[in-house]
Amino acid sequence: MIAMRLSFLLSAPIAVLTAAACAAPTDLPVNVPKTNPAVRAVVQNISQKNLQTTVERLAAFPTRHTLSGANGADAAATYLEGEFAKIAAASGGRLRVQKQTWIQPAGNRMPTPATLTNVLATLPGTAVPERIIVVSGHYDSRATDVMDAKSPAPGANDDASGVAAVLELARAMAASKTPFAATVVFAAVTGEEQGLYGSTHLAETLKADGKTVVAMLTNDIVGNSRGTDGKRDASHVRVFSAGYDPGAEARTLTRQRAAGTDADSPARVLARATKDAAKRYVSGFGVELVYRNDRYGRGGDHSPFLNGGYPFAVRLTEPNEDWSHQHQNVRTDNGKQFGDLPQFVDYAYLRRVAQVNAAIVAETASAPASPANVRIVGDLSATTTLLWDASPESVGGYEILIRRTTAPDWERAISVGANEKRAALAFSKDDYLFAVRAVGKNGARGLPVVPVAAAR
Ligand SMILES: [Zn+2]
């Protein structure tokens with residue numbers, strides 16, 4: 001039905017597209033590929049064996065509880081630093097490894113101040129290093145009692161799985177023959193279970209340094225495909241996204257409301273882009289969008305970014321959590337094994353989740369800057385005119401994304417040429433929502449930009 005309604009209002013100097021272009025709307029007029037070879041290579045390079053090794057090594061520490069000290073969390077941080085350093089050496093030093101250490105004041109789940117450590121590895125962008133993508137997992141673990149720093153807490157799925165995905169993505173991206181335009185920070189953070197301390201510290205230091213984080217993804221509990229009820233689903237990963245930007249200023253909100261784009265928060269734009277990237281780069285595995293910031297009543301490491309002025313922040317988590325293997329002392333009750341042990345991780349599943357990360361992170365790092373100042377003209381007509389400022393970088397073209405106001409995800413992508421800064425569409429702005437994204441000549445899609453109402 002939508003295809004039947006697709007036609008263009010033609011008037012200079014807007015994009016002139018033919019009926020043939022409409023029939024294949026994702027073919028850019030300048031022969032830009034649908035996927036980027038470097039991103040494809042990173043996705044294919046994700047190794048299940050490496051993921052398993054990392055999970056097993058992390059789970060072998062007696063505990064990685066944030067307050068477990070020298071033989072626990074500190075030893076795990078040193079192990080991770082060493083693994084990142086190996087990748088850095090293999091990459092000829094392009095990857096930079098850093099232990100980020102600070103004194104965390106006492107808090108709810110912190111009886112006394114403690115020295116905490118994040119392990120960070122940065123792959124600097126070659127064209128636009130100031131544009132940063134953060135991908136994280138937390139290496140701290142816990143037993144049944146969150147204050148128990150002594151009992152065994154293997155934390156294989158929560159969250160050695162997420163850390164393993166981050167480490168493996170670092171390896172695959174650092175090994176890429178094609179460099180990435182933007183910077184990627186691979187973060188193994190601590191203190192999640194005590195109160196998101198590591199992620200909060202990372203977000204705050206990036207903010208204090210004036211850094212621009214264009215996307216943040218946290219991987220937490222991404223390695224198990226079988227739920228507490230025994231049901232197995234290895235077909236997809238959930239991506240949680242908030243429907244709001246806590247830091248948006250009143251003026252921005254007013255313009256968003258005027259354009260009716262309140263279902264298009266930055267986190268949701270990133271979540272949809274993650275699903276789209278998975279569709280184009282990871283075959284046979286999908287993303288299920290969940291329209292809330294996190295699982296009900298629970299938190300994660302994307303939230304300090306969301307709340308700290310970096311609203312493009314989402315959480316990845318498996319579809320069916322098994323609570324007998326999370327936050328549980330390792331024990332046997334009536335013949336049932338409790339505890340977050342490596343034997344309950346589905347490594348083939350974890351590989352698929354790591355590939356979804358690879359798709360969105362490597363593609364966003366390869367894409368040109370998003371078009372700025374995207375706006376929608378408010379004339380009284382049943383059509384839509386979009387305007388934007390050209391990407392400051394060389395682009396292969398732009399794509400206009402379109403969906404009905406009640407549709408959860410983009411339904412259509414229409415291509416326009418690299419020199420266009422305007423598109424007129426035979427879709428009513430009353431009934432449809434829109435976004436514009438830049439497409440690199442290399443085929444990489446940038447994050448879409450949702451229009452605001454144009455000034456009258
Ligand atoms: Zn966790």
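What to note about this one:
- Any hit, the range 162-172, residues being assigned to a loop (DSSP other than H, G, I, E, B) and away from the ligand (no atom under 16 Å from the Cβ): no
- Test: residue in the range 408-418 that is part of a loop (DSSP other than H, G, I, E, B) and either closer than 30 Å to Val330 by Cα or in contact with a Phe, Trp or Tyr (Cβ under 8 Å, 6 or more places away or on another chain) (or both): yes
- Selection count where residues are charged (D, E, K, R) and within 16 Å of the ligand (Cβ to nearest atom), scope the range 303-341: 5
- Residues in the range 107-126 that are surrounded by 15 or more Cβ atoms within 10 Å (Cβ to Cβ) and farther than 19 Å from Pro304 by Cα: Ala114, Ala121, Thr122, Leu123, Pro124, Gly125.
- Looking across the range 208-235, the residues that are touching a strand residue (DSSP E or B) at 6+ places or on another chain (Cβ under 9 Å), more than 16 Å from the ligand (Cβ to nearest atom) and charged (D, E, K, R) come down to Lys211, Arg226, Arg232, Asp233.
- Condition met for Asp148 (buried (at least 24 other Cβ atoms within 10 Å of the Cβ) and either near the ligand (Cβ under 10 Å from one of its atoms) or at pLDDT 95 or above (or both)): no
- Pairs where the first residue, in the range 283-302, is within 12 Å of the ligand (Cβ to nearest atom) and the second is of a type in the set (Lys, Arg), C-beta under 7 Å, 6+ apart: Asp294/Arg315; Gly300/Arg315; His302/Arg315
- Only residues that are surrounded by 18 or more Cβ atoms within 10 Å (Cβ to Cβ), closer than 18 Å to Ala165 by Cα and out of contact with any Ser or Thr (no Cβ under 6 Å at 6 or more places or on another chain) were counted in the range 56-78, giving 3.
- From the options Gly155, Gly195, residue that is surrounded by 24 or more Cβ atoms within 10 Å (Cβ to Cβ) and modelled with pLDDT of 95 or more: Gly155
- Subset of the range 254-303 (residues that are of a type in the set (A, V, I, L, M) and over 18 Å from the mean Cα position of the chain (by Cα)): Ala258, Ala259, Ala263
- Test: residue in the range 152-160 that is part of a helix (DSSP H, G or I), more than 12 Å from the ligand (Cβ to nearest atom) and in contact with a helix residue (DSSP H, G or I) (Cβ under 7 Å, 6 or more places away or on another chain): no
- Strands (runs of 3 or more DSSP E) lying entirely in the range 42-139 (those with 3 or more residues that are farther than 27 Å from Ala348 by Cα and of a type in the set (S, T, N, Q)): 96-104, 114-123
- For the range 181-200, the tally of residues that are closer than 16 Å to Arg171 by Cα and within 16 Å of the ligand (Cβ to nearest atom) stands at 2.
- Matching residues in the range 325-382 - criterion: being of a type in the set (Ser, Thr, Tyr) and in a strand (DSSP E or B): Thr332
The values are calculated or read from the model by the stated rules, or taken from the named source; none is laboratory data. The structure presented is a predicted model; accordingly, all values stated were derived computationally and were not measured. Ideal geometry is used to build each Cβ from the backbone, glycine not excepted, and the neighbour counts take in all protein chains shown.
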